[in-house]
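Trainee: Let me begin by handing over the structure; questions about it come next.
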Amino acid sequence: MELTKEEESAFKGEQGEIMQMAYRILVATGEATDAEKLVPIEWAHLSGVNYNTIGDAGEEFLASISKNARVKVKTSLNPMGFDIDNVSNYNLDDNFISKQLSIKKSYEEMGVIPSFSCIPYEIFDIPEMGTQVSFAESNAAIHANSFDNLKTNKESAFSALASALTGKSPYSALRKETKSNLTIRMKVENPDELTYGMLGFFAGKVGNESVNISGVEQMDRRSCKSLCGGMGTSGTCAKFNFDEEQDSEIVDFDEQEMKKVYDELNTSDKGDLITLGSPQLGLEEISDLAIKLKGRSFKKRCMIFCPRAVKEQATKLGHTNQLERAGCEILSDCCTCLTPLIKKDEVDSVTTNSIKGAYYLKNSNGVGVNLKSLSEIIKDETR
Amino acid sequence: MKKILVKGKVKGTILKSQKPINFLGTVDKKTGIISDENHDLFKKSIKDSILVFPYGVGSSVGAYTIYSIKSNNSSPLAMICEKVDLTVATGCALANIPLITVSEKEFSLLEDGQKIFLDTESSNPITFLE
């Protein structure tokens, strides 16, 4: 990868240790992805926030660099482990809470917007078409590339951080006009958001950098997010193109392939509690849920995860009250994915409509998963 | 040599694994000892070695583990892989541990216990010392 004189000087350490570290990460990422140069980016979105995932090493690292490091571009942040407003209800130990708050403080000191959201594309204005960004959260990177006309690599936690600190990112394949030589034909009829999540999970397994998808109708917001969440979970693929490429290899996603994904992730025929949100719910989904739950209430616990900004808007609109009356626990700043709030010694299994949530509940939390679409959840689990 | 991911110059002894390494969860952050009993480096410490292995696997948070063993002075002096993965690449970059990838043939020539001099800037980066 070619560096400009100024970049070279930072890489050699002439602009301090933090810049040197950031450029080392960018150069390693650039070499790994065969990029020929660095390009400016306008927005970075960081992962590596939840103490449950980055642990003591991450907490110490962030505390150390935050003394000097400052972000150069607009930088938003993934969810953390809990919602400080109601963490006392969830039996989380004091060490977890203090380490998580230290991580929060370090990011704030670096000038990062404490958005604690995995759906930056729903809570921030989208820049103009073709803008280069660096999103580490996989569902957000895929959403940005496929639905928001932005361009990003599927960044690692460190490459996005390096981009935030320098305002630059390697010009890897996904930042260019790329075409995929693989097309997935959607053959499942009457798909709901769960079907789209499974399609995404399948696409992530068979695709490499990007895939074409044919045969999908107009999707609602819930289905788009489910598709992105599913794909980000299973592979390295970071973009959908919604047309069939001539001469590309064709793979069908049919009932049989869908059943394989379902059987891999659905490990229980019922759940002790329900979670909605992975990716977190946006305002549109919260409003829709409030309408669907009118006059109904859940028969068991239902945890709803959304960004703080969305919860505040939902409260103004009266939805928070409506949802709480229906028995929902609304949590902001955190998400189903890698949550420390669901523990296997307290919960055997969880019902969810999220493929991404299901994967991590099964593999990280070690609980059983019962997959159902939202309409089935409302039909079966409320009265 | 195929790629230089992180530059550097070191002298050391090869610790070679035929298996990929998942840094998150199978490498002790304080001691650098491999805790996965199914791994061919089980109970061995990667500290101060030139670690030669095919590639890294598992969560990207593994990059934080690499940083952690470095800050605990238990990291390898350098790493040599056959294939590049972003977890190991960005972890080594963050921790400033030299990292290169080599061809399949070069990989097969590197033997456990060999003393080598690695200089990523040289046209012939690996020199066998004995």
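The values are calculated or read from the model by the stated rules, or taken from the named source; none is laboratory data. As the structure is a computational prediction, the values presented were derived from the model and not from experiment. Methodologically, a virtual Cβ is constructed for each residue, glycine included, from the backbone with ideal geometry; neighbour enumeration extends over all protein chains shown.
Trainee: Specify the residue that is nearest to the chain's Cα centre (by Cα); the eligible residues are those in the range A:1-58 that are β-branched (Val, Ile, Thr) and within 14 Å of chain B (Cβ to nearest Cβ).
Mentor: Going through the qualifying residues, I end up with A:VAL49.
Trainee: Can you tell me which residue is surrounded by the fewest Cβ atoms within 10 Å (Cβ to Cβ) among those in the range A:59-75 that are more than 10 Å from A:MET110 (Cβ to Cβ) and within 10 Å of another protein chain (Cβ to nearest Cβ)?
Mentor: Only one residue fits best here, namely A:SER64.
Trainee: Here is a further query. Got a sec? Which of B:ILE69, B:ILE97, B:ILE34 is more than 22 Å from A:MET21 (Cβ to Cβ), surrounded by 19 or more Cβ atoms within 10 Å (Cβ to Cβ) and either modelled with pLDDT under 95 or within 14 Å of chain A (Cβ to nearest Cβ) (or both)?
Mentor: So the residue among B:ILE69, B:ILE97, B:ILE34 that is more than 22 Å from A:MET21 (Cβ to Cβ), surrounded by 19 or more Cβ atoms within 10 Å (Cβ to Cβ) and either modelled with pLDDT under 95 or within 14 Å of chain A (Cβ to nearest Cβ) (or both) is B:ILE34.
Trainee: What single numbered condition from (1) at pLDDT below 95; (2) over 18 Å from A:ILE54 (Cα atoms); (3) touching a helix residue (DSSP H, G or I) at 6+ places or on another chain (Cβ under 9 Å); (4) of a type in the set (D, E, K, R) fails to hold for B:LYS83?
Mentor: Result: B:LYS83 passes all but (3).
Trainee: Return the total of residues in the range B:72-87 being at the interface with chain A (Cβ under 9 Å from one of its Cβ atoms) and not in a loop (DSSP other than H, G, I, E, B).
Mentor: Here the count works out to 2.
Trainee: Scan the range A:327-383 for residues that are over 23 Å from A:ASN89 (Cβ atoms), part of a helix (DSSP H, G or I), more than 22 Å from the chain's Cα centre (by Cα) and of a type in the set (D, E, K, R) and jot them down.
Mentor: A:GLU376, A:LYS379, A:ASP380
Trainee: For A:ASP220, state whether it is surrounded by fewer than 19 Cβ atoms within 10 Å (Cβ to Cβ) and either within 26 Å of A:CYS306 (Cβ to Cβ) or among the β-branched types (Val, Ile, Thr) (or both).
Mentor: The answer is yes for A:ASP220.
Trainee: Filter the range A:343-366 for residues that are surrounded by 22 or more Cβ atoms within 10 Å (Cβ to Cβ) and among the aliphatic types (A, V, I, L, M) and give the result.
Mentor: Hits for the range A:343-366 are A:VAL350, A:ILE355, A:ALA358, A:LEU361.
Trainee: Here's another thing I want to ask about it. Can you find, within the range A:76-90, the residue that is surrounded by the most Cβ atoms within 10 Å (Cβ to Cβ) among those that are part of a loop (DSSP other than H, G, I, E, B) and of a type in the set (A, V, I, L, M)?
Mentor: A:MET80
Okay, residues lined up against (1) exposed (fewer than 14 other Cβ atoms within 10 Å of the Cβ); (2) away from chain A (no Cβ under 14 Å):
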site: B:LYS16; (1), (2): no, yes
site: B:VAL27; (1), (2): no, no
site: B:TYR55; (1), (2): no, no
site: B:LYS115; (1), (2): yes, yes
site: B:LEU118; (1), (2): no, yes
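Trainee: More than 22 Å from A:LEU194 (Cα to Cα), at pLDDT 95 or above and in contact with a helix residue (DSSP H, G or I) (Cβ under 6 Å, 6 or more places away or on another chain): does that describe A:THR315?
Mentor: no
Trainee: Of the residues in the range B:1-11, how many are surrounded by 16 or more Cβ atoms within 10 Å (Cβ to Cβ) and more than 27 Å from A:MET1 (Cβ to Cβ)?
Mentor: 0
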